[in-house]
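Peer 1: Sharing a structure here in structure tokens format.
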Amino acid sequence: MSSATPADVLARRRHLILSGDMDGFADLFAPDGAIELPFAPPGVPSRLAGREAIREYSRQVKTLPLRLEDFEVVELYQTLDPEVVIVEMHTKGTVTTTGKSFTATSVQILRIRDGHIVLFRDFPDPRVPEGVFGEPGAGS
């Protein structure tokens, strides 16, 4: 995957997430890759270190009552560092237990090296999906 561009990696990520392939998603990460959620709500880890920790957590997330319907890169910004991109995302989905749909917006910063994600920082809008899970900001 070393010739993959950041856009290629993000397109692959979209496909894997929408198809529910959490193992494939985890395999997009370098063995020592990390996910950071600086504003993680209570109960959500603020850092996952290593591909296997990402795999385990991703499998847990898949069991949530969510159906993701779209995972769209709205804007992709290349930085002066060729490994670092900034992404504006819109994620659309439905909470399967309530039937409520939501759109979540986030800004993500990724370091992609040799076709693998080395670092993924996610900054979701804390208000979304407001009210979808029962209380404002829950589950975001």
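Peer 1: Go through segment 21-32 and give me each residue that's of a type outside the set (D, E, K, R), touching a residue at least 24 places away in the same chain (Cβ under 8 Å) and either more than 18 Å from Met89 (Cβ to Cβ) or in a helix (DSSP H, G or I) (or both).
Peer 2: Selection gives Met22, Phe25, Ala26, Ala30.
Peer 1: For Glu69, state whether it is within 20 Å of Gly20 (Cα to Cα), among the charged types (D, E, K, R) and not in a strand (DSSP E or B).
Peer 2: no
Peer 1: Still on this model: Within segment 1-20, count every residue that is free of Cβ contacts under 8 Å to residues at least 24 places away in the same chain and in contact with a Pro (Cβ under 9 Å, 6 or more places away or on another chain).
Peer 2: Looking only at that region, the number is 0.
Quick grid of which residues meet (1) within 12 Å of the chain's Cα centre (by Cα); (2) over 15 Å from Gln108 (Cα atoms); (3) at pLDDT 95 or above; (4) loosely packed, with under 14 Cβ neighbours inside 10 Å:
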site: Glu36; (1), (2), (3), (4): yes, no, yes, no
site: Val44; (1), (2), (3), (4): no, yes, no, yes
site: Ala49; (1), (2), (3), (4): no, yes, yes, yes
site: Ile54; (1), (2), (3), (4): yes, yes, yes, no
site: Arg59; (1), (2), (3), (4): no, yes, no, yes
site: Pro65; (1), (2), (3), (4): no, yes, no, yes
site: Leu68; (1), (2), (3), (4): yes, yes, no, no
site: Glu72; (1), (2), (3), (4): yes, no, no, yes
site: Thr79; (1), (2), (3), (4): no, no, yes, yes
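Peer 1: Please go through segment 84-105 and pick out each residue that is surrounded by 14 or more Cβ atoms within 10 Å (Cβ to Cβ), out of contact with any Asp or Glu (no Cβ under 6 Å at 6 or more places or on another chain) and of a type outside the set (Val, Ile, Thr).
Peer 2: Scanning segment 84-105 gives Met89, Lys100, Phe102, Ala104.
Peer 1: Quick check on this structure: which one of Val87, Val44, Val61 is assigned to a strand (DSSP E or B) and closer than 18 Å to Phe123 by Cα?
Peer 2: Just one listed residue meets the conditions, Val87.
Peer 1: Something else: Can you tell me which of Leu64, Leu119, Leu68 is touching a helix residue (DSSP H, G or I) at 6+ places or on another chain (Cβ under 7 Å) and either in contact (Cβ under 8 Å) with a residue 24 or more places away in the chain or within 20 Å of Leu37 (Cβ to Cβ) (or both)?
Peer 2: Working: Leu64 fails: touching a helix residue (DSSP H, G or I) at 6+ places or on another chain (Cβ under 7 Å); Leu119 fails: touching a helix residue (DSSP H, G or I) at 6+ places or on another chain (Cβ under 7 Å).
Result: Leu68 is the single residue among Leu64, Leu119, Leu68 that is touching a helix residue (DSSP H, G or I) at 6+ places or on another chain (Cβ under 7 Å) and either in contact (Cβ under 8 Å) with a residue 24 or more places away in the chain or within 20 Å of Leu37 (Cβ to Cβ) (or both).
Peer 1: Quick check on segment 93-111: of everything there that is among the aliphatic types (A, V, I, L, M) and closer than 30 Å to Ala30 by Cβ, which residue is modelled with the lowest pLDDT?
Peer 2: Within segment 93-111, the match that is modelled with the lowest pLDDT is Ala104.
The values are calculated or read from the model by the stated rules, or taken from the named source; none is laboratory data. Computed from a prediction, not measured in an experiment: that's the story for all the values here. Here Cβ is always computed from backbone atoms with ideal geometry, including for glycine, and neighbour counts include all displayed protein chains.
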